[in-house]
Structures are given as structure tokens and as C-alpha cells.
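K.L.:
My structure is below; once you've seen it, I'll send some questions.
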Amino acid sequence: MKTIYRRFFFTILSVLIALTASAGSPFEKYADDAGVSRKYISKAMLDAMGDMQIASSDMLFDATDLSVVDVIETSDPKLSSKLKGEMKKIAESHNMEVLMMQRNNEYGNEKVLYGTYDKKTRKYSRLMLFSINMGWLTKCVYIEGQIDTSILSADKF
């Protein structure tokens with residue numbers, strides 16, 4: 001009988017570990033990369049913030065509306081081009097579409113905003129901003145939550 005309980009316990013534990021490992025931000029794999037800086041804010045940290053607002057790339061979000069904020073940055077040109085390809089893969093795997101795009105070839109600046117729209121809530125459930133400044137400083141911001149569509153406008157991008 002103890003063997004059955006042990007197997008049941010370890011099965012449940014394995015499932016929970018697998019679910020926990022797959023949850024979270026797609027940027028987790030960059031946490032230990034040399035040359036990459038990562039900032040991660042979890043749901044618990046956002047809940048503790050209460051009514052505070054979070055600013056990211058000229059956009060303001062209420063902390064209570066978000067469940068994950070993850071930012072990675074690098075100034076390594078080799079990593080910048082790698083990250084650009086990775087962000088496209090992440091967007092595709094999360095069914096995100098391109099919402100806005102800006103390019104300035106003269107200065108090497110580029111911004112792409114991806115998003116997943118939830119028709120039931122009429123809000124975005126995921127946003128990801130990828131930007132390169134001066135052709136070498138790369139910043140990627142990933143946000144999950146219930147994001148109002150009013151946050152997205154060309155003048156804020």
C-alpha cells in the first residue's frame with residue numbers, strides 16, 4: 001500500500017514540476033547567458049506593488065493587470081542578431097502577431113511590437129516589444145496579463 005502512495009505522490013510531484021517548468025516567460029533561457037542582462041517581475045511581486053504603475057518603453061501599465069514582466073538587454077552585436085531571430089520564433093510559438101513596426105535605417109534603430117489579442121476580454125493577453133537602438137543595444141520586453149487596447153497607439157510606440 002505504501003508503494004502505491006509513493007508512486008502516486010511522485011507522479012503528482014513530477015506533473016507539478018513539469019507544469020511549473022513550462023510556465024513563465026520565454027526569456028528564462030537567457031537568465032545565465034554572458035552579455036545578457038535580465039529583469040524578471042513575477043505575479044507575486046506585481047500583486048505586492050498594488051496600484052503602482054509600471055513604465056516600459058513609454059507605455060504605462062497598472063501592476064494589478066499584469067502577471068509577468070520580463071526584460072532582457074544586451075549590447076553585444078552578435079547577441080542582438082541572435083535575439084532578433086529568437087523573438088520572431090517566440091512570437092510565432094505564442095501565436096502573436098505584429099502590431100506595430102518602426103525602422104530607421106540611417107541610425108540602425110528598429111522596433112517591433114508583437115501581441116496576442118483575447119476576443120473574450122477584449123484585451124491583450126501578451127505583448128512583446130523588441131527594439132534595437134543604434135544598431136547594437138537590444139532590448140526585449142515580454143508582458144503577460146490583461147492589457148487594455150488603449151495602451152497601444154502610434155504616438156506611444
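K.L.:
What tally of residues in the stretch 83-117 results from selecting those that are surrounded by fewer than 15 Cβ atoms within 10 Å (Cβ to Cβ) and at negative phi?
P.N.:
Here the count works out to 13.
K.L.:
Among the residues of the stretch 85-102, are any acidic (D, E) and more than 15 Å from the chain's Cα centre (by Cα)?
P.N.:
Taking every residue of the stretch 85-102 in turn, none turns out to be acidic (D, E) and more than 15 Å from the chain's Cα centre (by Cα).
K.L.:
Give all pairs with beta carbons closer than 6 Å in which a residue from the stretch 92-112 that is under 17 Å from Y124 (Cα atoms) meets a residue that is open to solvent by 80 Å² or more (accessible area, probe 1.4 Å) and not in a helix (DSSP H, G or I); count only pairs at least 6 apart in sequence or on separate chains.
P.N.:
If the second residue must be open to solvent by 80 Å² or more (accessible area, probe 1.4 Å) and not in a helix (DSSP H, G or I), the pairs left are V112/M101.
K.L.:
Tell me yes or no: at least one residue of the stretch 128-140 is in a loop (DSSP other than H, G, I, E, B), open to solvent by 60 Å² or more (accessible area, probe 1.4 Å) and farther than 23 Å from Y40 by Cβ.
P.N.:
Yes, some residue in the stretch 128-140 is in a loop (DSSP other than H, G, I, E, B), open to solvent by 60 Å² or more (accessible area, probe 1.4 Å) and farther than 23 Å from Y40 by Cβ.
K.L.:
Could you please find all residues in the stretch 64-82 being more than 12 Å from L137 (Cα to Cα), more than 15 Å from the chain's Cα centre (by Cα) and open to solvent by less than 70 Å² (accessible area, probe 1.4 Å)?
P.N.:
Once the filter is applied, which keeps residues that are more than 12 Å from L137 (Cα to Cα), more than 15 Å from the chain's Cα centre (by Cα) and open to solvent by less than 70 Å² (accessible area, probe 1.4 Å), the stretch 64-82 yields nothing.
The values are calculated or read from the model by the stated rules, or taken from the named source; none is laboratory data. A quick note: this is a predicted structure, and the numbers were derived from the prediction, not measured. Positions of Cβ are backbone-derived with ideal geometry, glycine not excepted, and every protein chain shown enters the neighbour counts. SASA here: full protein model, heavy atoms, side chains in, ligands and nucleic acids out. Shrake-Rupley method; radii C 1.70, N 1.55, O 1.52, S 1.80 Å.
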